[in-house]
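**Q** Below you will find the structure I want to go over with you.
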Amino acid sequence: MNIPHDPATVTVELLTDALEALSEGIAIYDKDERLVICNSRYKELLGPIQQMIEPGMQWRDLIQSCVEKGMVTDRDERGRDWVETSEEQRGQYMRETEIRQTDGRTFHISYHPTKTGGFVVTRSDITERRKAEDRAAEREALLTTILGTNPTPVIMARLDDGRVIYRSPAAHSMFGHTEFGRDYFVDPEAPDDYVAKLKVTGHIHDETYRVRASDGSERTVSVSGGLTEYNGEPHVVSSVTDLTEQLERDALIRKVVESYPAPVMMNRPGTGEILYKSGGIDKILGKHASTKEFYVDLADRDEFLSRLYAVGELHDYRLRHYNAEGVPTWFAVSARLIKMNGEDVLVSHIRDLTTQLEIEAELDTQRQQIFQNEKMSALGGLLAGVAHELNNPLSVVVGHALMLQDETNDPNVKRQISKISTAAERCAKIVKTFLTMARQEPAAMDLTSINDVIRTAAEVAKFGEAASAVTIETDLTPSLKPVSIDADQITQVVINLILNAEQAIQSSNQGDRVLIQTEAAGDGVRITVEDNGPGVPVDIRGRVFDPFFTTKGVGEGTGIGLAVCHRIVAAHNGKITVDDAKGGGARFRITLPEAAPMAAAPEAPAAPETAKAARVLVIDDERDVADLNAEVLTRGGFEVEVIYDAKQALDILKDDRFDAIISDLNMPGVDGRGLHDTLRQNFPEMLNHIGYITGDTLGSSSQGFLKESGRPYLEKPVSPKELRAFVSQLCTEAST
């Protein structure tokens with residue numbers, strides 16, 4: 001049964017319950033803008049002033065209280081008074097308005113007029129809703145920015161018909177404005193293939209297709225895509241990567257690698273399978289499918305890989321491979337391990353070491369030669385010191401022996417003097433040989449037939465102690481070009497080598513023959529002295545030219561012979577080596593280069609008749625030498641004054657003059673240089689009267705002075721004949 005509803009029966013209590021049931025705040029104001037009733041939610045939403053809200057409160061007072069409590073600013077966003085703005089909004093009964101309070105909360109407010117002239121206010125807290133909307137807007141703006149600035153084209157199309165509903169600016173730039181996605185593909189079957197793969201897995205990655213760009217050009221692209229739901233329909237979102245430049249770069253890189261002259265190879269280290277090789281590989285190693293095919297010893301490959309896995313990278317690792325002709329050859333391999341498609345791949349560069357090893361061998365030979373020269377220089381210094389100390393006493397012995405020989409007619413005395421003279425001259429020759437070695441230069445260079453030198457050496461060697469048991473043979477190439485050498489020194493070298501071979505054969509009872517050969521070698525000649533004796537052991541070949549090294553018994557060898565040979569050959573800018581002869585035994589090879597002959601020293605002029613009355617000043621701190629020189633010159637008809645101190649000689653020269661002055665070079669106090677400098681300053685007219693007799697022509701200071709001064713000199717020991725000729729020459733030059 002329907003019971004009629006009487007509005008009058010609606011009580012205030014019922015109305016209050018109804019208002020409290022609402023989720024938003026609500027308040028009713030009368031025509032005088034006084035609060036009639038409101039629910040608790042209305043008060044709650046007004047927070048700081050909720051205790052002030054009671055029936056009868058003026059609406060304007062409520063708004064003013066909100067300002068005073070700092071719930072809102074006194075000005076709205078346009079700078080207008082907030083209270084006036086609120087009155088204006090209420091007066092217009094704005095159905096929808098929002099305010100943002102200072103605490104960050106946002107409220108939705110609506111005003112509705114009543115028939116009695118009042119109005120109803122509703123207030124809802126929409127803070128979270130606005131935040132969510134702001135976040136969504138931010139995400140949408142961010143997505144729009146990302147897609148708009150992303151250089152990768154992105155396209156969204158419906159799955160059923162392929163109609164494009166979104167394209168990023170990059171996609172629009174590449175493809176232009178097309179209605180359907182299938183219009184992009186060059187191959188008409190490609191879109192169906194693309195969609196079919198998507199339906200199976202829901203997404204695809206990096207599928208390669210040929211597409212047509214907006215300018216009509218065809219390009220190769222990589223496409224990745226996925227299925228998504230939009231507006232209740234399945235759509236395809238695709239990203240496109242243009243591979244054109246990458247493929248061009250790859251093609252360029254491949255062309256560069258294939259054209260690169262250095263051989264490059266990639267292979268699987270486990271199986272040795274060759275994955276890639278540049279053209280240079282086949283040229284030096286031949287054609288192979290696996291690296292195992294060209295290793296001389298596969299154990300080397302195992303060791304190489306072990307080292308490579310330990311450090312990850314190797315540089316110039318030496319390995320033996322068969323080259324393209326199948327010849328075992330040393331190579332330098334630089335390699336590195338990389339990851340490709342999830343597996344280890346070995347990338348290597350290979351270099352033929354044949355030329356480098358030849359250069360290294362040559363450099364090693366040169367280093368040995370330099371080392372040998374350094375040892376010989378040390379020997380030369382020692383010999384020079386010994387020679388210098390022997391020069392003065394030998395000068396006295398030689399000089400007096402020669403003078404005594406001229407003074408006596410007694411045969412027995414002459415015989416004894418002859419022995420003394422011979423022994424002294426032999427010592428003098430030894431000293432001169434030492435000096436020659438120390439100088440590292442030949443004494444007298446001249447164009448000489450090397451075959452004549454060999455014939456002379458072979459003839460002399462036949463008179464050696466062991467010559468009767470050994471046959472000396474020669475094999476001389478005719479018409480060899482003459483070479484510039486000191487014939488006596490090279491003869492000495494060949495004789496020494498022959499005698500060494502004879503002694504080795506005799507002491508070992510092995511062998512019976514020595515062969516000397518000559519042949520052309522470039523612009524020079526090569527001399528080979530070989531025997532069929534015991535040979536030179538490999539472990540001592542590097543020392544046979546060392547000074548004082550010998551394999552002979554005590555008293556049988558000094559270790560100087562081969563050292564002297566080495567020094568003489570080096571002084572001729574040549575080279576001497578030792579190795580095995582073809583049939584066993586030792587083989588020494590001497591190579592001498594072609595060289596321009598040195599000018600022959602001019603012969604000393606004969607003493608002029610007027611020289612007999614010439615006055616000579618002799619200066620030497622060695623009294624015996626000075627007295628001997630004075631006696632030799634006196635007997636030669638010169639008027640001689642002897643001084644043992646250069647300073648005293650300078651005092652004499654203040655008041656006296658001489659036709660010739662002969663002085664020692666190295667003296668205590670004022671030496672030869674000091675004497676020369678004083679003459680140049682105080683007695684310049686005497687400079688062309690002085691000459692030097694010295695036993696030191698090796699020191700850098702002495703050599704520099706003699707070269708700088710340009711004055712003539714003699715090396716001790718000096719024979720009477722040499723001394724008289726030297727002084728005569730000084731007198732002649734001084735007089736002219």
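The values are calculated or read from the model by the stated rules, or taken from the named source; none is laboratory data. Not measured: the values here are computed from a predicted model. Cβ sites come from the backbone with ideal geometry, for glycine too, and all protein chains shown count toward neighbours. Side chains are part of the model used for accessible areas, which takes the heavy atoms of the whole protein and leaves out ligands, DNA and RNA. Shrake-Rupley method; radii C 1.70, N 1.55, O 1.52, S 1.80 Å.
**Q** Return the residue satisfying two criteria in turn: it lies in the stretch 267-302 and is within 17 Å of Leu319 (Cα to Cα) and under 27 Å from the mean Cα position of the chain (by Cα), and of such residues it is surrounded by the most Cβ atoms within 10 Å (Cβ to Cβ).
**A** Ile281
**Q** May I ask you to list the residues in the stretch 289-314 that are over 22 Å from Ile338 (Cα atoms) and without any contact (Cβ under 8 Å) to a residue 24 or more places away in the chain?
**A** Matches in the stretch 289-314: Glu293, Asp297, Leu298, Ala299.
**Q** I'm trying to understand the selection: among the residues of the stretch 231-266, which are modelled with pLDDT of 75 or more and loosely packed, with under 10 Cβ neighbours inside 10 Å?
**A** Asn231, Gly232, Glu245
**Q** Would you confirm whether any residue within the stretch 260-282 is touching a residue at least 40 places away in the same chain (Cβ under 8 Å), under 15 Å from Phe331 (Cα atoms) and of a type in the set (Gly, Ala, Ser)?
**A** Looking for residues that are touching a residue at least 40 places away in the same chain (Cβ under 8 Å), under 15 Å from Phe331 (Cα atoms) and of a type in the set (Gly, Ala, Ser), one finds at least one in the stretch 260-282, hence yes.
**Q** Still on this model: Return a yes/no flag: does the stretch 677-696 have any residue that is at pLDDT below 85, more than 17 Å from Arg724 (Cβ to Cβ) and open to solvent by 50 Å² or more (accessible area, probe 1.4 Å).
**A** The answer is no; no qualifying residue exists.
**Q** Are there any pairs with C-beta distances below 8 angstrom linking a residue in the stretch 330-355 that is closer than 13 Å to Ala262 by Cα and open to solvent by 70 Å² or more (accessible area, probe 1.4 Å) to a residue that is of a type in the set (Asp, Glu) and at pLDDT below 90, with the two at least 6 apart or on different chains, and if so which?
**A** Arg351/Asp316
**Q** Give me the pairs, please: first residue somewhere in the stretch 179-191 and surrounded by 13 or more Cβ atoms within 10 Å (Cβ to Cβ), second residue anywhere and of a type in the set (Gly, Ala, Ser) and not in a loop (DSSP other than H, G, I, E, B), beta-carbon distance under 6 Å, and either six or more positions apart or on two chains.
**A** Listed by first residue and then by second, the contacts come to Gly181/Ala157.
**Q** With respect to Thr634, is the statement that it is of a type in the set (Ser, Thr, Tyr), out of contact with any Phe, Trp or Tyr (no Cβ under 7 Å at 6 or more places or on another chain) and at pLDDT 85 or above true?
**A** Criteria met by Thr634.
**Q** In this structure, is His321 open to solvent by less than 50 Å² (accessible area, probe 1.4 Å), within 20 Å of Pro263 (Cα to Cα), without any contact (Cβ under 8 Å) to a residue 40 or more places away in the chain and not small (Gly, Ala, Ser)?
**A** Considered against the rule, which asks whether it is open to solvent by less than 50 Å² (accessible area, probe 1.4 Å), within 20 Å of Pro263 (Cα to Cα), without any contact (Cβ under 8 Å) to a residue 40 or more places away in the chain and not small (Gly, Ala, Ser), His321 comes out as yes.
**Q** A follow-up question, please. Looking at (1) closer than 30 Å to Gln58 by Cβ; (2) open to solvent by less than 70 Å² (accessible area, probe 1.4 Å); (3) in contact (Cβ under 8 Å) with a residue 40 or more places away in the chain, can you tell me which one Ile126 breaks?
**A** (3)
**Q** Would you mind stating whether Arg167 is open to solvent by 20 Å² or more (accessible area, probe 1.4 Å), within 22 Å of Asn231 (Cα to Cα) and in contact (Cβ under 8 Å) with a residue 60 or more places away in the chain?
**A** no
**Q** Out of (1) open to solvent by 80 Å² or more (accessible area, probe 1.4 Å); (2) part of a loop (DSSP other than H, G, I, E, B); (3) within 18 Å of Phe107 (Cα to Cα); (4) modelled with pLDDT of 85 or more, what's the single condition that is false for Glu44?
**A** (2)
**Q** Please note which strands (runs of 3 or more DSSP E) are completely contained in the stretch 532-625 and include at least 2 residues that are within 30 Å of Asp651 (Cβ to Cβ) and either touching a helix residue (DSSP H, G or I) at 6+ places or on another chain (Cβ under 9 Å) or modelled with pLDDT of 75 or more (or both). Give the steps one after another, and end with the answer.
**A** Values: elements: 575-580, 586-592, 615-619.
Result: 615-619.
**Q** Do the conditions hold for Thr228, that is, is it of a type in the set (Val, Ile, Thr), open to solvent by 50 Å² or more (accessible area, probe 1.4 Å) and within 30 Å of Glu325 (Cβ to Cβ)?
**A** No; evaluated as a whole, the condition is false for this residue.
**Q** Listed residues Glu245, Glu207, Glu233; which is over 47 Å from the mean Cα position of the chain (by Cα) and among the charged types (D, E, K, R)?
**A** From the options Glu245, Glu207, Glu233, the qualifying one is Glu233.
**Q** Looking only at the stretch 475-517, which residues are open to solvent by 40 Å² or more (accessible area, probe 1.4 Å), under 21 Å from Leu447 (Cβ atoms) and hydroxyl-bearing (Ser, Thr, Tyr)?
**A** Passing the criteria: Thr477, Ser479.
**Q** Let me ask something else. Residues of the stretch 157-184 being under 16 Å from Ser222 (Cα atoms) and in contact with a strand residue (DSSP E or B) (Cβ under 6 Å, 6 or more places away or on another chain), which ones?
**A** Answer for the stretch 157-184, where residues must be under 16 Å from Ser222 (Cα atoms) and in contact with a strand residue (DSSP E or B) (Cβ under 6 Å, 6 or more places away or on another chain): Ala171, Gly181, Tyr184.
**Q** Oh, and also: If a residue has to be in contact with a Lys or Arg (Cβ under 8 Å, 6 or more places away or on another chain) and either within 16 Å of Thr329 (Cβ to Cβ) or at pLDDT 90 or above (or both) to count, how many in the stretch 299-312 make the cut?
**A** Residues in the stretch 299-312 being in contact with a Lys or Arg (Cβ under 8 Å, 6 or more places away or on another chain) and either within 16 Å of Thr329 (Cβ to Cβ) or at pLDDT 90 or above (or both): 2 in total.
**Q** Collect the residues in the stretch 78-130 that are of a type in the set (A, V, I, L, M, F, W, C), modelled with pLDDT under 70 and assigned to a helix (DSSP H, G or I), keeping them in residue-number order.
**A** Trp82 - this is the single residue of the stretch 78-130 that is of a type in the set (A, V, I, L, M, F, W, C), modelled with pLDDT under 70 and assigned to a helix (DSSP H, G or I).
**Q** Suppose we filter Ser479, Ser484 for residues that are hydroxyl-bearing (Ser, Thr, Tyr) and assigned to a loop (DSSP other than H, G, I, E, B); which single one remains?
**A** None of the other options fit; the residue is Ser479.
**Q** Are any residues in the stretch 153-164 open to solvent by 30 Å² or more (accessible area, probe 1.4 Å) and in a loop (DSSP other than H, G, I, E, B), and if so, which ones?
**A** To start, the set of residues in the stretch 153-164 that are open to solvent by 30 Å² or more (accessible area, probe 1.4 Å) comprises 156, 158-161, 163.
Those that are open to solvent by 30 Å² or more (accessible area, probe 1.4 Å) and in a loop (DSSP other than H, G, I, E, B): Leu159, Asp160, Asp161.
**Q** Another question, then. Looking at the stretch 286-330 only, could you name the residues that are in contact with a Pro (Cβ under 9 Å, 6 or more places away or on another chain) and part of a strand (DSSP E or B)?
**A** Those that are in contact with a Pro (Cβ under 9 Å, 6 or more places away or on another chain) and part of a strand (DSSP E or B): Arg320, His321, Tyr322.
**Q** Restricting to helices (runs of 4 or more DSSP H) lying wholly in the stretch 638-736: which have 2 or more residues that are touching a residue at least 40 places away in the same chain (Cβ under 8 Å) and within 17 Å of Arg615 (Cβ to Cβ)?
**A** Hits in the stretch 638-736: 720-735.
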